[in-house]
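Okay, so here's the structure we're looking at.
None of the figures in this text is laboratory data; all of them are computed from the coordinates on show. Since we're looking at a predicted model, the values are computed, not measured. Here Cβ is always computed from backbone atoms with ideal geometry, including for glycine, and neighbour counts include all displayed protein chains.
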Amino acid sequence: MYQRIFVPVDDSETSNLALAEACKLAAEVGAQLRLVHVIDLAQFGWGGTEFLDASDLQKSIKQAGEQVLGQAEARARNAGAMPETHILESWGDKIAAMLLEDSKSWGADLIVMGTHGWSGLMHLLMGSVAEGVLKHADVPVLLVRNPGN
């Protein structure tokens, strides 16, 4: 059975539902959890920000990411899990590829993540990190969808 469950988190209700599912599964099988949050620092790292201090913005993004990860960790602990946490810093990288690389290096044997279930134009415009993970993962992926979306 699964021993190392990898859970990408953000601040969405969908992510919280996936985290709750991962915690239930981890408790049932005695698995370790790794909670990961990706921050995108590239959005303020180049041109167009001449009136802004990019380093201050990047610092704020890191702090917000740490807050999101801290809240997810607290939810997991309240559910009885003792997760490890990690922030991944993106500089315009493909988020799905970053998640897959980190999950592989950690030795995950299951990835649990939320999906917004967008289709049509929203999917075309927004893309899907979950779809990218699902297409290229070497381990099983459990996608949790928010029934309210």
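Using a/c under 1.5 as the rounded threshold, could you call segment 55-105 rounded, prolate or oblate? The axes a ≥ b ≥ c are square roots of the C-alpha gyration tensor eigenvalues, and prolate needs a/b larger than b/c, oblate otherwise. Intermediate values should be presented prior to the final figure.
Details: a/c = 3.34, a/b = 1.25, b/c = 2.67.
Oblate shape, in that a/c is at least 1.5 and b/c is the bigger or equal ratio.
Enumerate the amide H contacts of residue 3 below 5 Å, restricted to partners 5 or more residues apart or on another chain; note that Pro and chain-start residues carry no placed amide H.
Sorted by chain and number, the residues that satisfy this are 109.
For residue 142, which sequence-distant residues (separation of 5 or more, or a different chain) have an amide H within less than 5 Å of its own amide H, given hydrogens modelled in the peptide plane?
Here the answer is 111, 112, 113, since their amide H atoms fall under 5 Å of that of residue 142.
Which whole-Hz ³J(HN,Hα) couplings does segment 129-134 yield from phi under the Karplus relation 6.51 cos²θ - 1.76 cosθ + 1.60, θ = phi - 60°, glycine and proline marked x?
For segment 129-134, the Karplus curve yields 5, 4, 5, x, 5, 4 Hz.
For the pair residue 131 and residue 93, what calculated FRET efficiency results from E = 1/(1 + (r/R0)^6), where r is the Cβ-Cβ distance and R0 = 22 Å, to the nearest 0.05?
So, using R0 = 22 Å, E works out to roughly 0.85.
Using Cα positions and a limit of under 17 Å, work out the lysines in reach of residue 104, with same-chain residues fewer than 8 apart set aside.
94, 135
Count the net charge of all other residues whose Cβ sits under 9 Å from the Cβ of residue 41, scoring Lys and Arg as +1 and Asp and Glu as -1.
Its environment carries a net charge of -1.
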